[in-house]
Amino acid sequence: MIWTAPIGYNGPVSQPDGAPPVNGPLLDGQGRKIQYLRLSLTDRCNFRCSYCAPMGPDRQEDPLTRPELARVVGVFARLGIRRVRLTGGEPTLRRELLDIVRDVRATPGIEEIALTTNGHALATHALLLREAGVTRLNVSLDTLDPQKLQRISGRAATLERIVSGIEAAFRVGFASVKLNVVVVRGENEDELGNLARFAWRFGATARFIELMPFGPGKPVPTAEVKRLLEAQGIRLEPDATRGWGPAYHMRGSSAVGGEATSGLVGFIGAMTENFCDGCNRVRVGADGSLRACLGGRDRAPLRELIRAGASDEEIAAAVRAALLAKGEKHEMPRGGSGLLPMIGSGG
Ligand code: SAM
Ligand code: SF4
């Protein structure tokens, strides 16, 4: 098949025989530069967040092994990936997590290793993760009410444990800690101001994420989240600090209860804002399949390629081809059917 560059694409040109480009920066089909890999280590989880994980037991999985993960990261690094985020499922459930972090850190070209966690194991893991090479941490927490937390995330979710984890992350000196808050209509809209002030106590940024349609629950548009924050005592001002990719920040300040506090507030308007414009990422799910788009249905089965004996060049070519086929925007407004649940894709 002859590959034709999409409108607006200004990446490397195709080869003389019409095949897609094999060198130059890693670009998607719209010419966006891809430098960030989200790598899911497992699709198991000890929580059951209503918007992420189907009810019932974890799937029987066959994830990429530690050597396979190291190989995949090496291929992506040679393609220009500079930042890797380890996610899941719950990445701290993966027994070899610290060794996997060390492997990623030892990969030439990788400059940053981030991890997203539900915080359940953070009190014991924070120092070990930092020593192994994790530089940035995102902890998910949607509410400061212990009962509501269990309603949203399941019986295993304990506020006290997650807060101890966040305190530990702060104590061991992570350069960046973010609090991921999924805003769900009728659940936590009344707590947004308190969650922002809670994050600032630790020098962390609260990031408000629009609910994506992978389960029940109604989203709250980012424009309304900003109005709710203002109504709950958070004054918002523009801030030049850019997020990495589709997230962006504003500076917030509060004087509730006579105590002046301030910090950054982040927004991820996955459903109502120009989320896709700043896309710089590629995902490899727990099943070893590459997803060029979180809200897309196409997958490239890297695990099967690896296990069939593909060379690094063949894997790299499959990665480039999958990214070049990526559309302009995600398909989530059409609903979540046919999309991999977040627990499998890593968010
Ligand atoms: N278990 C870890 C955690 O919860 O942080 C990492 C995996 S989780 C899939 C990654 C992120 O995706 C979390 O911050 C979670 O809140 C978010 N997430 C899951 N389902 C979502 C949904 N339907 N819409 C928006 N964000 C979602
Ligand atoms: Fe588990 Fe994270 Fe999904 Fe919650 S959001 S079910 S903690 S993977």
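What follows draws every value from the coordinates through simple rules; no lab data is involved. Everything quoted here is computed from the prediction, not taken from an experiment. Neighbour counts are summed over all protein chains in view; Cβ atoms, including those assigned to glycine, are modelled from backbone coordinates with ideal geometry.
Give the residue from Met55, Gln35, Leu86 lying farthest towards the positive end of the charge dipole for region 32-91; charges sit on Cβ (+1 for Lys and Arg, -1 for Asp and Glu) and the dipole is referred to the Cα centre.
The residue sitting farthest along the positive end of the dipole is Gln35.
When all alpha-carbon pairs of region 36-334 are counted, what percent fall beyond 24 Å? Mind dumping the intermediate values first?
Working: 23399 of 44551 pairs.
In whole percent, the long-distance tail amounts to 53.
So if I place +1 on the C-beta of Lys and Arg and -1 on the C-beta of Asp and Glu, and nothing else carries charge, what would the dipole magnitude of region 36-334 be about its Cα centre? I want it in debye, nearest 20. Present the calculation step by step, with values, prior to reporting the outcome.
Values: 43 positive and 36 negative charges, 42 e Å.
Its charge dipole is roughly 200 debye.
From the phi angles alone, apply the Karplus equation (6.51, -1.76, 1.60; θ = phi - 60°) to region 172-186 and give each ³J(HN,Hα) in whole Hz, x where the residue is Gly or Pro.
Running phi through 6.51 cos²θ - 1.76 cosθ + 1.60 with θ = phi - 60° gives 7, x, 4, 5, 9, 10, 10, 9, 8, 10, 8, 8, 10, 3, x Hz.
To the nearest whole percent, what portion of all C-alpha pairs in region 212-288 is separated by more than 20 angstrom? Mind showing how you got there, number by number?
On the way: 1334 of 2926 pairs.
When all Cα pairs of region 212-288 are counted, 46 percent exceed 20 Å.
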